[in-house]
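> Can you keep this structure in mind? I'll have questions shortly.
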Amino acid sequence: MIVATVEYVAGRKVSETIGICRGNVIRAKHVGSDFVAGLRNLVGGEMTEYSKLMAEAREQAYDRMLRHAEELGADAIIGMRFTTSTITPGAAEILAFGTAVKLA
């Protein structure tokens, strides 16, 4: 599956636009990592616990988007983006989305 953040794939033409494909995940903080991150907040520095949590969430949302595009019969995704939103204090949604297409 070709995935591009731009609206085209170099050297290929879009033969069919299938529609939006997406994958999302909602992740919550873990009490243990939240405690360690709170300590880091006092002394400064990267909160690696949260960075790891968000990286894993992005990968899971991306994988779900790929599966959705495959289910739609696409062979590429163009205009791919990530977005994040807060669901509740301590929980965030990561959404990966793009346009599922067939290439010539």
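Coordinate-derived values only; no laboratory data. The model shown is predicted, which means the values in this text are computed figures rather than measured ones. All Cβ positions, glycine included, derive from the backbone under ideal geometry; neighbour counts span all protein chains shown.
> Taking amide H positions as placed 1.01 Å from N in the peptide plane, with prolines and chain starts having none, which residues 5 or more places from M80, or on another chain, fall under 5 Å of its amide H?
A4, T5, V6, T99
> Please find the FRET efficiency linking A28 to I2, where r is the Cβ-Cβ separation and R0 is fixed at 41 Å, and quote it to the nearest 0.05.
For R0 = 41 Å, the calculated efficiency reads 0.80.
> In addition: For A55 and R81 in one chain, what is 0.36 nm times their gap in residues minus the Cα-Cα distance, to one decimal in nm?
Net length gain for the segment: 7.9 nm.
> Excluding residues fewer than 8 places away in the same chain, name every one of the lysines whose C-alpha is closer than 25 Å to that of K52.
K29
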